[in-house]
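See below for the structure under consideration.
Taken together, the values in this text are just the output of simple stated rules run on the coordinates, not laboratory data. Keep in mind it's a predicted model, so treat the numbers as computed, not measured. Quick reminder, even Gly has a Cβ in these numbers, built from the backbone with ideal geometry, and neighbours come from all protein chains shown.
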Amino acid sequence: MVDKTLVYIYIFLLSPSSMVRRTLGQSTRSIYLGLAFMSLTLHLLLAFFCFSVLQSACVPPTSFSSTSSFVPKTEIVSHSSSSSSAASSSNEPPSSSQNGGSPKLSSLDREGKGSFDEAAEKKLIGAELGTLKETTRSKLEELFKHPLYNLPRPGLQDDDWLLRLKTDEEAKETESEDKENSETHPPWLQFHLGISRWELYDRKDPILAQMTHYLATQRILGAAQKKGGTQLKLLLSFPNYGQALLKPMRQSRDAETDVNLFYFSDFERHNAEIAAFHLDRLLGFNRIPPVVGRLINVTTEIRDITTDHKLSRTFFTSPAGNVCFYGQCEYYCSTENPVCGRPHALEVSLAAMLPDLTLAPRRSWRSPWRRSYSRTKLAQWEKEPAYCDTVKQTPPYNSGTRLVDLIDMAVLDFLMSNMDRHHYETFEKFGNETFLLHLDNGRAFGRHSQDEPSILAPLTQCCRIRRSTLLRLRLLSLPEFRLSDVLRESLAQDPLAAVAPLLSETHLSALDRRLAAVLREVQTCQEKHGDVLYDDLELDDRGYDHQPTGDKTR
Ligand SMILES: Nc1ncnc2c1ncn2[C@@H]1O[C@H](COP(=O)(O)OP(=O)(O)OP(=O)(O)O)[C@@H](O)[C@H]1O
Ligand SMILES: [Mn+2]
């Protein structure tokens with residue numbers, strides 16, 4: 001800066017004065033020289049002032065330069081690195097550096113506490129304001145420490161696991177070998193082996209973080225269209241035979257559903273699939289397969305590697321120079337509704353695939369509260385106020401946990417405003433005594449400005465709810481664990497959070513509003529009925545409930 005000032009003075013002194021010499025006479029020359037001298041003096045004074053007074057402003061803040069490395073706006077390379085950059089954008093501290101790069105340690109519920117130098121942070125954001133403690137405490141971590149998220153798990157017998165690798169005899173013979181194998185199994189296989197009668201995964205199992213890391217980072221070896229359903233989705237394959245269900249981003253994240261579109265013709269959203277997985281986990285259900293966001297290159301990671309000709313021939317370059325495709329399906333698979341990269345980069349959701357149907361067949365159940373899927377007709381449940389009485393007497397809703405499971409699902413769907421739950425699935429192996437799979441959440445989170453009370457019909461019409469569910473909902477309505485706060489924190493761990501928050505603040509606050517509505521609904525029920533709560537906290541030690549639906553009440 002000093003050099004620059006001197007150069008400017010030099011130019012000012014010499015250039016104009018040499019011109020003056022050529023054009024003016026002797027008398028005026030002395031006036032100009034006088035002026036030049038004054039100007040030089042003034043500039044020297046100015047330079048001196050800058051040195052003495054403004055020196056600090058000219059020096060880069062070296063003491064803060066180290067902090068810039070804790071907010072890396074880096075490329076999405078791994079679960080842990082992306083989570084730290086995502087957390088930084090919401091003023092959360094990064095996850096522990098010990099977790100860096102290691103999928104094993106980047107446990108989903110350990111986010112929020114890091115090795116970041118607290119003194120440096122105090123300096124940076126001004127701890128004297130007294131807000132530091134508030135901003136660094138992880139509500140998510142606290143929530144998962146709560147006893148309601150650590151209830152004793154039912155004892156599991158052989159027939160309570162979906163898959164088994166070996167018979168008992170074999171396992172005994174090769175116990176150590178077996179243990180070794182379980183450490184080298186690819187994450188998707190470990191995920192499959194962890195599916196039980198009562199839940200899809202154990203929230204505390206490190207395999208969950210390994211699974212999302214795997215989906216977010218593995219090389220894509222194959223991509224083909226997946227049949228079933230109405231909208232475009234792809235089946236990706238990874239090394240070690242892993243697979244994922246891909247749903248692409250089709251519209252801007254915050255685009256609200258067109259008010260003139262029926263729920264069954266609304267676009268599916270990749271961020272809804274991701275957010276639904278996080279929400280279901282926060283509600284303590286663990287009934288949605290792990291879903292993670294990923295930024296893929298449509299050209300190198302789909303177009304160039306796919307052997308699915310029906311898919312590859314729908315690729316084109318748009319007038320804006322973006323690489324697009326549309327595939328073949330019932331809804332929105334046309335040139336007018338392309339899925340486009342920017343120019344190659346595309347946000348997608350990747351869901352872990354469930355075990356193949358040949359290994360673990362599933363049963364699909366039509367929901368008793370299914371909508372009519374007609375523009376003109378109403379469904380039975382919309383016309384009959386006592387509809388639930390009929391359902392309660394109809395197997396499998398007349399015994400076990402099926403009815404309250406369905407009500408759990410209705411609560412999840414109401415919170416995220418998913419009107420498209422026409423069917424649900426269960427694993428055939430477990431018969432009727434098992435959890436319900438909450439698959440296909442692509443049409444959730446379409447509208448934040450409105451709530452859809454009809455989604456809660458199973459709760460309002462039956463006036464039943466699991467005790468554990470209600471207690472967790474109450475917990476999530478407290479300021480210390482506020483649903484919007486824990487979901488924001490949870491979603492910040494997804495790699496795509498580095499691109500933009502997965503749910504806008506408007507959607508997050510809609511969740512708090514809807515949660516309050518659910519609690520009001522339960523309150524209204526309790527004022528009218530005596531058998532609202534289904535006490536699932538007193539089941540037998542295998543999680544079975546042997547009594548008819550009406551008996552486990554409080
Ligand atoms: N993670 C998964 N693993 C294995 N199969 C899955 C998974 N997710 C979904 N499926 C299967 O794929 C089918 C289609 O998926 P999905 O329901 O998400 O598609 P869709 O186009 O949204 O369907 P719809 O148009 O009926 O709403 C599902 O019915 C389910 O059986
Ligand atoms: Mn769908």
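Values for this structure:
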read-out: Hydrodynamic radius of region 265-371 per Kirkwood, over alpha carbon pairs, in Å; value: 16.3 Å
read-out: Top positive-direction residue, dipole computed over region 362-551 with Cβ charges, set Leu475, Leu515, Trp365; value: Trp365
read-out: Intensity falloff of region 442-482 expressed as log10 I(q)/I(0), Debye formula with alpha-carbon point scatterers, at q = 0.30, 0.31 Å⁻¹; value: -0.94, -0.94
read-out: Entries in Lys392/Lys528; Lys226/Lys429; Lys227/Lys429 that, when Cα-Cα distance is taken, lie over 20 Å; value: Lys226/Lys429; Lys227/Lys429
read-out: For region 185-260, alpha-carbon Rg over 2.2 N^0.38 Å; value: 1.36
read-out: Neighbour cut-off at most 11 other Cβ (10 Å), DSSP loop, trypsin sites (Lys or Arg not before Pro), region 303-408; value: Arg313, Arg375, Lys377
read-out: Loop chymotrypsin sites (Phe, Trp or Tyr not before Pro), region 367-431 (other Cβ atoms within 10 Å of the site Cβ: 12 or fewer; DSSP); value: Tyr373
read-out: Alpha carbon convex hull of region 385-482, projected area averaged over orientations, nm²; value: 7.3 nm²
read-out: Rg(Cα)/(2.2 N^0.38 Å) for region 362-551, N = residue count; value: 1.06
